[in-house]
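No lab work stands behind these numbers, since they all come straight from the coordinates. Only a predicted model underlies this, so the values are computations on that prediction, with no experimental measurement involved. When we count neighbours, we look across all protein chains shown, and the Cβ atoms used for this are built from the backbone with ideal geometry, even at glycine.
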Amino acid sequence: MQNVFFLGLVSFFTDISTEMVYPLIPLYLVPGYLVFSLCYFGFAFAGNQLLMISAFVLFGIYAAMITGGERAFVAEISPKELCV
């Protein structure tokens, strides 16, 4: 019975935190897109191996910053009949 209580408590706080964070998703995406532009600028003008590796590291940071928030934002604004 105690497990059910704590599971409900965790669910409650998860719902509250989701509602608090959701309005901030667009603000979270903008820095990620700035990192994306720096990354592709680095790919275009990389003259040596160190700059190319740095651009790939930036690309990994971009992917980590954007992927989850982007999917959540698109899922929220999509029509409900498209969501399965």
Rough spin-label spacing in nm, given labels placed 7 Å along Cα→Cβ, for Tyr28 and Tyr40:
2.3 nm
Ranking of Ile61, Ile16 by count of other Cβ atoms within 10 Å, fewest first:
Ile16, Ile61
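So for Met20, Met1, Met65, fewest C-beta neighbours within 10 Å to most, what's the order?
Met1, Met20, Met65
Need one word for the chain: rounded, prolate or oblate. Basis is the Cα gyration tensor (sqrt eigenvalues a ≥ b ≥ c); a/c below 1.5 gives rounded, then a/b vs b/c decides.
prolate
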Given Cα pairs under 8 Å that are at least 6 residues apart, what percent is the relative contact order of the chain?
29 percent
